[in-house]
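The values are calculated or read from the model by the stated rules, or taken from the named source; none is laboratory data. Computed from a predicted structure; not experimentally measured. Here the Cβ is made from the backbone with ideal geometry for all residues, glycine too, and neighbour counts use every protein chain on show.
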């Protein structure tokens, strides 16, 4: 796959002529709702048989190298370029084939039943694990039920290892500090929780457990570590995996309820792997911002690899974007959470041109709706996903984790297959 950014006046037909592929191939690969309508700045994946790149206006060799996960020197050697500044718009470059890296891929799924089954069936070839979300702990260590049978059946059919997700979400649908404290501070509740987890793993055919405990009080930090140690003691002899999802920290002593009880070093030493929740900088209740800006993700990885073995780190990638109504008012209307496909549809509908923030490695655009309200949209596209894949390879980590299945983003799966070999257990 190659990435093409739509310029003014281009059509699927003219782009197809440039790359020597059919217009139908481009339309199918990108699942274009109307191949006759493109947006300036829209990124398209091009399924070319040879790795060629047609230089776009304003592109540098550095930008092209980043897009393909290679470096400037390699492209110069392949194309016999002596001066990296001397490339022209329309010039055809051959991009050296990159070796595929073996990684593990997890994806959370929040939709159960037949819809959940379809989501796992459609993406299963790209997944090592799928994590139905979620079993919720109760203060006494018991668990709320989850109607996950259809998802688990699809996982088995697609050779995907299911992970049982346990959270401290309360009856109101929020992560609860009081709930997790009640469990962690009671030796009896902790042991009962692990017993209930083990019974569920055996009865339902899960391959392991993923703890997603958030807003854990700092005073419970070591109790959380004890829960992890005891879970591993009881699960590992039976062949089950134990993992956690942790807040995106940039230093060990980072302050704040979200961070303080997540002990990267302890999790890295105790567990089979750790999922870094590297998203939600642009959250629904906050000001407009990229959901997962690359400069923030890099800061988290810079710290994480000093505390957690690289072969135990999964970096999270969001499969969604956000649409804010301006002016932003804290406590006001939250941003809408939508798929990248829906964001493209909105850009088409409101005739917006898509821009790209190279520092954040994320696309964005503005538009005015029918009530003349201004909107600011940040989302993921082929370029931003490739930038994140490049980080995975640069840091040499175990793999990636998606939040969450159910947001259509066909380009992601094509690029995943183009960059990596996904391990199956």
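Mind counting the residues in the stretch 292-315 that are part of a loop (DSSP other than H, G, I, E, B) and surrounded by fewer than 18 Cβ atoms within 10 Å (Cβ to Cβ)? Break it down stepwise before answering.
Within the stretch 292-315, the first condition is being part of a loop (DSSP other than H, G, I, E, B), and the residues that meet it are 292-293, 308-309.
Of the ones still in play, those that are also surrounded by fewer than 18 Cβ atoms within 10 Å (Cβ to Cβ) are 309.
Count: 1.
In this structure, does residue 355 turn out to be within 24 Å of residue 32 (Cα to Cα), under 15 Å from the mean Cα position of the chain (by Cα) and either in the same structural domain as residue 278 (by TED's automatic domain parsing) or touching a residue at least 12 places away in the same chain (Cβ under 8 Å) (or both)? Lay out the reasoning, then the answer.
Working: within 24 Å of residue 32 (Cα to Cα): yes; under 15 Å from the mean Cα position of the chain (by Cα): no; either in the same structural domain as residue 278 (by TED's automatic domain parsing) or touching a residue at least 12 places away in the same chain (Cβ under 8 Å) (or both): yes.
The answer is no for residue 355.
Filtering the stretch 1-18 to residues that are in a loop (DSSP other than H, G, I, E, B) and crowded, with 19+ Cβ neighbours inside 10 Å leaves 1, 6. The listed residues are 347, 336, and the only one of them that is closer than 15 Å to residue 282 by Cα, touching a strand residue (DSSP E or B) at 6+ places or on another chain (Cβ under 8 Å) and not assigned by TED's automatic domain parsing to the domain that holds residue 271 turns out to be 336. Checked against (1) touching a helix residue (DSSP H, G or I) at 6+ places or on another chain (Cβ under 6 Å); (2) surrounded by fewer than 16 Cβ atoms within 10 Å (Cβ to Cβ); (3) farther than 18 Å from residue 90 by Cβ, residue 24 passes all but condition (1).
From the list 216, 183, 274, 232, which residue is within 18 Å of residue 141 (Cβ to Cβ), within 28 Å of the chain's Cα centre (by Cα) and not in a loop (DSSP other than H, G, I, E, B)?
Working: 216 fails: not in a loop (DSSP other than H, G, I, E, B); 183 fails: within 28 Å of the chain's Cα centre (by Cα); 274 fails: within 18 Å of residue 141 (Cβ to Cβ).
The match here is 232.
Residue under question is residue 403, and the condition is that it be within 18 Å of the chain's Cα centre (by Cα) and modelled with pLDDT of 95 or more; does it hold? Judged against the criteria, residue 403 is a match. Taking the conditions (1) under 25 Å from residue 277 (Cα atoms); (2) in contact with a helix residue (DSSP H, G or I) (Cβ under 6 Å, 6 or more places away or on another chain) in turn, residue 171 satisfies each one other than (2).
From 37, 72, 63, 45, grab the single residue that is within 23 Å of residue 391 (Cα to Cα), modelled with pLDDT of 90 or more and out of contact with any strand residue (DSSP E or B) (no Cβ under 7 Å at 6 or more places or on another chain). Of 37, 72, 63, 45, the one residue that is within 23 Å of residue 391 (Cα to Cα), modelled with pLDDT of 90 or more and out of contact with any strand residue (DSSP E or B) (no Cβ under 7 Å at 6 or more places or on another chain) is 72.
Yes or no, residue by residue, for (1) part of a helix (DSSP H, G or I); (2) free of Cβ contacts under 8 Å to residues at least 40 places away in the same chain; (3) within 21 Å of the chain's Cα centre (by Cα):
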| site | (1), (2), (3) |
| --- | --- |
| 188 | yes, no, no |
| 211 | no, no, yes |
| 253 | no, yes, no |
| 259 | no, yes, yes |
| 279 | no, no, yes |
| 285 | no, no, yes |
| 290 | no, no, yes |
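Being part of a loop (DSSP other than H, G, I, E, B) and in contact with a helix residue (DSSP H, G or I) (Cβ under 9 Å, 6 or more places away or on another chain) holds for only one residue in 139, 145, and it is 139.
Considering (1) in contact with a strand residue (DSSP E or B) (Cβ under 8 Å, 6 or more places away or on another chain); (2) touching a residue at least 24 places away in the same chain (Cβ under 8 Å); (3) exposed (fewer than 15 other Cβ atoms within 10 Å of the Cβ), the lone condition that residue 231 does not fulfil carries the number (3).
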